[in-house]
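The values are calculated or read from the model by the stated rules, or taken from the named source; none is laboratory data. All values derive from a computational prediction rather than experimental measurement. Note that each Cβ is placed from the backbone with ideal geometry, even for glycine, and that neighbours are counted across all protein chains shown. These accessible areas exclude ligands, DNA and RNA; they are computed on the full protein's heavy atoms, side chains included. Shrake-Rupley method; radii C 1.70, N 1.55, O 1.52, S 1.80 Å.
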Amino acid sequence: MPEPAKPALGTSASDELFSRALRVIPGGVNSPVRAFKSVGGTPYFVERAEGAYVWDVDGNRYVDFVQSYGASILGHAHPGVVEAVSRAASRGTSYGAPTRSEVLLAEEISARVPGADMVRLVNSGTEATMSALRVARAATGRDRVVTFAGCYHGHSDGLLASGGSGVATLGLASSAGVTKAAVSDTVVAPYNTVPVLDELVAAVIVEPVAANMGLVAPVPGFLEGLRSECDRVGALLIFDEVITGFRLAYGGASEVTGVAPDLWCFGKVIGGGLPLAAFAGSRDLMEHLAPVGPVYQAGTLSGNPLATAAGLAVLAALDRDVYDELALRVGRFAGQLADVAGPGVQVPVYRTLLGVFFGEAPVADFTGATMSASTGRYPALMHGLLDRGVAIAPGAYEVMFPSLAHSEDDYERAVEAFSGALE
Ligand SMILES: *Cc1c(COP(=O)(O)O)cnc(C)c1O
């Protein structure tokens with residue numbers, strides 16, 4: 001990769017905040033990819049957001065395809081979500097006792113995802129995957145976990161054996177500070193190839209549609225193969241649907257692909273921009289959890305009333321029709337981007353998600369995604385778009401998250417910006 005441009009610390013309000021942030025926050029950010037390290041320059045600091053747009057502290061408006069990395073599918077500051085959260089806040093922000101809205105949200109998730117009979121709410125995708133693995137290990141009495149290169153499952157120690165998203169963007173195979181012991185039971189296999197398992201394996205965890213190495217769809221037979229290979233050796237299959245859940249379709253990726261895992265992890269969309277995630281599965285599996293079973297898992301703020309109110313408001317706005325509508329729009333958008341981009345640029349699309357790859361060869365795994373990133377073309381595209389009022393994530397391994405708030409006008413503007421940025 002070419003040397004990223006030196007952060008030009010100028011005189012904008014964002015620059016000023018960033019230089020202050022660098023003094024008191026490591027790297028100036030609370031999640032690494034936000035720092036613009038892999039694309040150069042300094043991040044824009046957000047003042048506010050509404051619908052398809054974010055405004056930075058200098059008053060620039062961007063058509064936003066980051067949408068909190070997929071946490072916002074209705075668009076920013078959706079009135080239904082804002083109202084639900086405000087109403088909840090006025091009744092108290094956390095109790096340490098169960099609430100009605102936790103029950104309603106668990107019921108709603110369970111109703112949408114056949115097989116997800118019981119749900120436990122947590123605060124982040126990281127917690128969801130970490131806890132789902134703990135259940136899987138307890139239920140099988142086995143230790144080993146199989147993951148796939150380029151998939152990201154949050155930052156718990158055992159899952160930092162390798163990873164997409166921030167970790168891959170920074171070019172690290174794993175993370176410092178993670179002991180060998182912590183990853184000694186984690187096996188990393190190539191995506192889109194069904195690994196041969198043995199009876200040491202407790203679980204296979206996978207993004208059913210990979211969206212942390214750019215957008216990589218499962219090839220026909222991959223998920224089906226994982227399902228039957230898990231069944232053959234008695235391992236559990238875990239779908240990490242933290243991105244795909246309630247984004248690809250009403251019932252998430254398991255509905256679209258027709259393959260049902262044993263455990264699901266959800267996040268992002270179901271919190272509507274508040275810290276909320278979940279994992280779910282059959283009663284048999286989920287009752288391994290305390291207080292019923294021996295698997296300890298807990299959280300002071302788990303099932304937080306603001307977060308559950310937001311989640312319920314989001315899901316209430318997501319009926320079956322909106323997904324088909326969004327998928328149609330996004331498909332058209334991807335086609336238009338591919339048209340203006342021309343050869344050497346790919347615009348993979350999977351229903352409501354899309355990405356960008358550079359190069360001619362189709363990308364089916366992390367090796368392919370890395371080849372695309374190593375062309376070094378993403379930073380120029382990202383900055384070219386930003387200059388033209390369109391925000392995409394500052395990392396070559398991220399995807400674009402169109403929301404229901406994006407209008408035809410917004411898509412048109414984005415296509416024009418793409419065309420300009422690629423020149
Ligand atoms: C974002 C993400 C996570 C981690 O979720 P956090 O809420 O950031 O901890 C896990 N898995 C996938 C697929 C994700 O995209």
Whole-percent carbon and sulfur share, accessible surface of region 332-389, 1.4 Å: 56 percent
Ala380/Ser86 FRET efficiency (R0 30 Å; Cβ-Cβ; nearest 0.05): 0.15
For Ala341, net neighbour charge (Lys/Arg +1, Asp/Glu -1) across residues whose Cβ lies under 14 Å away: -3
Mean separation of Cα contacts under 8 Å (6+ apart) over length of region 79-316, as relative contact order %: 30 percent
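Return the FRET efficiency for the residue pair Glu199, Asp117: r is the Cβ-Cβ distance, R0 is 25 Å, and the value is rounded to the nearest 0.05.
Details: r = 26 Å, r/R0 = 1.05.
Once rounded, the FRET efficiency stands at 0.40.
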Principal axis dimensions, largest first and in whole angstrom, of region 79-316 by Cα: 52, 38, 37
Gyration tensor over alpha-carbon atoms, the chain, equivalent ellipsoid semi-axes in Å: 32, 26, 21
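Please tell me the relative contact order of the chain in percent, rounded to the nearest whole number, where contacts are Cα pairs under 8 Å and at least six residues apart.
Relative contact order, the chain: 22 percent.
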Net charge, His76 excluded, C-beta distance under 9 Å - Lys, Arg +1, Asp, Glu -1: -1
Kyte-Doolittle at least 0.0, axis length at least 27 Å by Cα - qualifying DSSP helices, the chain: 320-341
Spin-label proximity, Ile25 to region 379-406 - amide N less than 18 Å from point 7 Å beyond Cα toward beta carbon: 393-395
Length gained when the stretch Arg320-Asp387 is fully extended (0.36 nm per residue, less Cα-Cα span): 20.5 nm
Top positive-direction residue, dipole computed over the chain with Cβ charges, set Tyr397, Val194, Tyr95: Tyr95
Positive-pole candidate from Gly234, Gly214, Val29, dipole of the chain, charges at beta carbon: Val29
Residue with peak Gaussian network fluctuation, the chain [Cα springs, cutoff 10 Å], from Val46, Val85, Val269: Val46
Surface per residue (accessible, 1.4 Å probe) for region 209-260, Å²: 25 Å²
